[in-house]
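The values are calculated or read from the model by the stated rules, or taken from the named source; none is laboratory data. In this text, all values refer to a predicted model and were calculated from it rather than measured experimentally. Cβ atoms come from the backbone with ideal geometry, glycine included; neighbour counts cover every protein chain shown. The protein model used for the area step is the full one, side chains on, heavy atoms only, and it has no ligands, DNA or RNA in it. Shrake-Rupley method; radii C 1.70, N 1.55, O 1.52, S 1.80 Å.
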Amino acid sequence: MSNNSIHTENDVLRMISEKEEGSYIKDDKLYLPEQELTVWVNIISSQQNNKGYSAQLLFFINHPYFEQPLVESCAGVGNTENEAIEMCMESFYAAVLLSVQSALGCDCDEFIESDVMGEKHIFRVPCSSGTLNMGGQFLEKGDLWTVVQDVIPQYLGCKRVYWVKLFAAMAGGEVICEARVNGIVYSGLTEYMKTHLSLNGEKPEYSTYKAFVVLIQQEKTFKPCPYTLEQVEKLTSDAIAKLSAVNSQESHDKAINDIINSAPVESLGWELAGLIPEMYCMMVLNFNENDSVMYYKKESGESDRVMTSRLSSYDAVARGVFGYISQKQPTEKEHLSILASSGMFKAVNKALNDGAKMEDLRCSDIMYSVGEDYRIY
């Protein structure tokens, strides 16, 4: 490789491959056969600025345990374009890939448990779940995992793998935080982490902390989901099309029954019928999502709050709703037909008619109705 040439995606994979014995590159992907991992990368940007060069790379990791590829964005800076790209690679390798490998190869005896509707799910905590610190230090205790580990169980459900990404930085004397579970930012978890950090009083010009913890559910408590994410996205698109044609109470009831009956399991049908109108409303009105939703059993009156990360369907429904809106570009009439099924939209409409301002409104947890034998997957 010439020193004058700019690194390509395959060059980045080669640099990682040089660190991993037995790995090989094929069809623009890096394979690590010993741990059944596949890695690929996209160079999103690479440009010159006042202080040198900056780059942003998007890395993907897949494994048979994962429902979908793990995606991680890494930024880097350097005196040259290649230095910036190499910094992205090193950050990904140290903070993410090694963490995934550690989790897959770990046999330590530290576990955390979650309880989902009376069923226990046990996850192994990797032996090495340390925090990568770059620049100065503004935390008394630099281990971000210990800050959130007591509340993480409520975010864990039935999935085989959950990856938790924690980030904290100092910028302009202010602390910036972000907490993600399976790639999704959770504002409640982020706020919890920020308020529980132990600061040391220092205010360095540049300082970041990043932790990446992969939690794998034990075989004895894991039960495979009876549907795929691709199925959920397709069912979501089909369900919205049914709701867009609603023009009476009778057609509404028929559409809801069709949506429930179209699902491979009834519990998913209830989630589709209840979540889709509310998530559609949130996207159209540009409301931020909460960390949780509420399910309600009509017959018994039982209800419970559940983190959206526990619902295997939730993110796929969100992608399906977003895809439908962006691709189909519904008319105003179709929007209103779909929103007529949303309790949130009705509440917003009433608040506006009563004199409230749109910018002052905040959405509460979505509530959806389910049957008595509802089960979370």
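Some points to look at:
- Alpha-carbon Rg with Dmax, taken over the range 45-136, Å: 17.5, 57
- The residues of the chain have, on average, 50 Å² of accessible surface per residue, using a 1.4 Å probe with all protein chains present.
- Exposure of residue 128 as accessible area (Å², to 10), given a probe of 1.4 Å and all protein chains: 70 Å²
- Cysteines (scope the chain) whose Cβ has no counterpart Cys Cβ under 4.7 Å: 106, 158, 177, 225, 281, 363
- The stretch between residue 248 and residue 150, if pulled fully straight at 0.36 nm per residue, gains 30.4 nm over its current Cα-Cα span.
- Accessible-area composition of the chain, carbon plus sulfur, in percent [1.4 Å probe]: 46 percent
- Listed peptides 275-285, 193-203, 349-359, 318-328 by packing density, highest first (mean Cβ within 10 Å): 275-285, 318-328, 193-203, 349-359
- For the chain, relative contact order (Cα pairs under 8 Å, six or more residues apart, normalised by length) works out to 13 percent.
- For the range 287-364 and the range 205-237, distance of Cα centres in Å: 22 Å
- Lys pairs under 28 Å by Cα in the range 96-208, provided they are eight or more residues apart or on distinct chains: 9
- With the whole protein complex present, residue 341 retains an accessible surface near 30 Å², based on a 1.4 Å probe.
- Taking the square roots of 5 times each eigenvalue of the Cα gyration tensor of the chain, largest first, gives ellipsoid semi-axes of 39, 24, 23 Å.
- When shorter helices are ignored and each DSSP H run of at least 4 residues is given -39500 (n - 2.57), the per-residue value for the chain at 222 nm works out to -10500 deg cm²/dmol.
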